[in-house]
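The values are calculated or read from the model by the stated rules, or taken from the named source; none is laboratory data. Because the structure is predicted, anything quoted here is derived from the model rather than measured. Positions of Cβ are backbone-derived with ideal geometry, glycine not excepted, and every protein chain shown enters the neighbour counts. Quick note on the areas: whole protein, heavy atoms, side chains included, nothing else; ligands and nucleic acids left out. Shrake-Rupley method; radii C 1.70, N 1.55, O 1.52, S 1.80 Å.
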Amino acid sequence: MDEHTSPLLPLHGGGEDSIHRSISFHTQIKSIFTLKNFCVLLGPLLCTIICLSVKLEGPSPTTSRNMLGVLAWVFAWWLTEAVPMPITSMSPLFLFPIFGIAAADDVAHSYMDDVISLVLGSFILALAVEHYNIHRRLAFNITLLFCGDPLNPQLLLLGICATTAFVSMWLHNVAAAVMMMPVATGILQRLPSGSGESTVITKFCKAVVLGVIYSAAIGGMSTLTGTGVNLILVGMWKSYFPEADPISFNTWFYFGFPMAVLLFFALWAILCVIYCPRGSGDVLSAYLDKAHLKRELDLLGPMVFAEKMVLAVFSMLIVLWMTRSITDDIPGWGALFNDRVGDGTVSVMMATLLFVIPNKKQLGEKLMDWNKCKKLPWNIVLLLGAGFAIADGVRTSGLADELSKTLQFLAHVPYLAVAPTICLISGGITEFTSNNATTTLLIPLLIQIAQTINVHPLLLMIPGSIGAQFAFLLPTGTASNIVGFTTGHIDIIDMLKTGLPLKIIGIVVLSVLMPTLGVLVFVKNKEIPF
């Protein structure tokens with residue numbers, strides 16, 4: 001039997017053991033002092049500095065200051081992604097009560113309202129569309145219609161973006177993005193993925209996802225029902241100036257549609273220049289061959305009962321959304337319920353039908369069951385809730401009043417510079433708060449400034465509300481951005497590369513249209529309602 005040539009336990013402190021301990025210690029030190037850990041500490045550090053050094057005025061200066069510190073904390077974590085985004089989105093649930101901004105119950109209520117109900121119902125419907133491969137059928141038809149022969153990536157991108165923008169004219173931006181993203185990714189699923197993926201394919205995937213989320217935002221600007229911001233604008237106009245002519249659906253369309261068309265083609269041009277270089281069609285045509293796509297569409301066969309019912313439910317939802325509240329003269333079906341119902345009410349109601357209607361595949365099986373809903377993107381729901389909680393906190397803490405004082409300088413700015421300035425300000429604020437919150441915050445102040453400089457209030461209100469929809473730079477700007485961000489095809493740098501020139505072009509377009517077409521549509525031969 002072999003004898004042991006070394007003891008089982010060290011007889012004394014050996015040099016190798018000391019070296020190992022030293023290496024382990026240095027490794028632990030390096031693991032602690034990392035950039036990610038620094039970013040984790042950055043949020044509390046900024047909050048502490050603000051709470052100790054910043055002094056605000058107003059009826060509740062301490063609460064306002066604490067709210068500013070919490071904003072710095074949350075946004076530092078969001079921007080650096082030091083903490084997972086869903087966890088950061090839940091941080092107001094403990095930060096607001098601890099810093100005396102709001103009670104725990106009040107904060108929790110922000111995480112479930114009608115908009116979030118709208119998102120949940122829309123996501124369930126989108127999962128049903130995906131489960132029955134309806135998005136693949138629609139993807140094949142769009143690809144066949146726009147891909148060209150031979151393949152033209154720019155034309156295919158135009159078709160995807162145009163379809164999304166048209167859908168978003170009649171649906172909420174988030175719902176349009178949720179509906180079209182599976183269609184877009186259904187097209188991209190035909191392309192190879194992984195470490196061997198070519199640069200051309202990677203860029204085209206980015207172009208498609210960015211095209212969907214930005215087209216959803218642009219399409220929503222063209223109609224009153226396309227986004228909540230436009231409805232807020234119309235509601236505030238009627239509230240502040242009840243004797244003035246209301247903004248009708250047609251009136252807004254005369255201004256919003258030409259503006260949206262200009263922005264849409266600007267978006268398409270930007271995406272083609274950055275992500276669809278010449279020669280990309282040669283690489284992509286190997287996977288998006290028109291004859292092959294036609295054969296695969298034929299293999300799907302005719303639509304079965306379940307697919308038809310899902311499409312019917314989705315179509316009913318669209319009709320109900322569009323007709324709930326139409327104009328002041330045509331109130332819509334929502335008036336039957338004294339306007340107690342919202343878009344979220346309809347969304348959840350129609351989603352519930354999917355769990356009631358049989359699919360006629362197996363006895364007792366419905367169109368949807370809860371197991372199919374396990375892929376619900378709760379991170380988006382939490383992010384929306386955080387946005388609403390922050391909006392409420394900024395308002396109730398008095399921080400909104402303090403921030404609004406910084407806009408008083410607009411009273412001394414020449415009118416031709418006012419529209420781009422307002423658009424730039426609202427476009428900057430909306431990257432960090434919800435579009436609706438930005439609009440609600442700015443419009444009362446803009447009305448006051450319009451009275452001070454003696455111009456028609458709509459000439460300030462409209463740039464403020466449209467600028468609030470230019471949330472093109474960050475995922476947190478709007479839920480539509482998150483829908484694209486969670487696909488994994490785009491990063492923040494991609495949004496910045498595309499969103500920054502798009503935002504600049506949007507401000508320029510609005511600055512040109514507002515004193516020309518805007519005056520013709522909204523204020524021609526009309527007295528200033530002061």
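In region 74-102, the residues that are at pLDDT below 90 never reach a residue that is of a type in the set (Asp, Glu) and open to solvent by 10 Å² or more (accessible area, probe 1.4 Å) with C-beta atoms less than 8 angstrom apart, at least six apart or across chains.
If we scan region 30-42, do we find a residue that is part of a loop (DSSP other than H, G, I, E, B), aliphatic (A, V, I, L, M), modelled with pLDDT of 85 or more and over 24 Å from the mean Cα position of the chain (by Cα)? No, that holds for no residue.
Of all residues in region 132-152, none satisfies being acidic (Asp, Glu), open to solvent by 60 Å² or more (accessible area, probe 1.4 Å) and not in a loop (DSSP other than H, G, I, E, B). Hey, any hits in region 103-111 for a residue that's under 30 Å from Leu311 (Cα atoms) and open to solvent by less than 40 Å² (accessible area, probe 1.4 Å)? Yes.
Here's the yes/no breakdown for (1) modelled with pLDDT under 80; (2) surrounded by 16 or more Cβ atoms within 10 Å (Cβ to Cβ); (3) part of a helix (DSSP H, G or I); (4) of a type in the set (A, V, I, L, M, F, W, C):
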site: Thr476; (1), (2), (3), (4): yes, yes, yes, no
site: Ser480; (1), (2), (3), (4): no, yes, yes, no
site: Gly484; (1), (2), (3), (4): no, yes, yes, no
site: Ile490; (1), (2), (3), (4): no, yes, no, yes
site: Lys503; (1), (2), (3), (4): no, yes, yes, no
site: Val508; (1), (2), (3), (4): no, no, yes, yes
site: Ser511; (1), (2), (3), (4): no, yes, yes, no
site: Glu527; (1), (2), (3), (4): yes, no, no, no
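The residues on offer are Phe472, Phe522, and the sole one that is closer than 21 Å to Ser168 by Cβ and crowded, with 18+ Cβ neighbours inside 10 Å is Phe472.
Just name the residue that is most open to solvent (accessible area, probe 1.4 Å) out of those in region 288-304 that are modelled with pLDDT of 75 or more and not aliphatic (A, V, I, L, M). This residue is Arg295.
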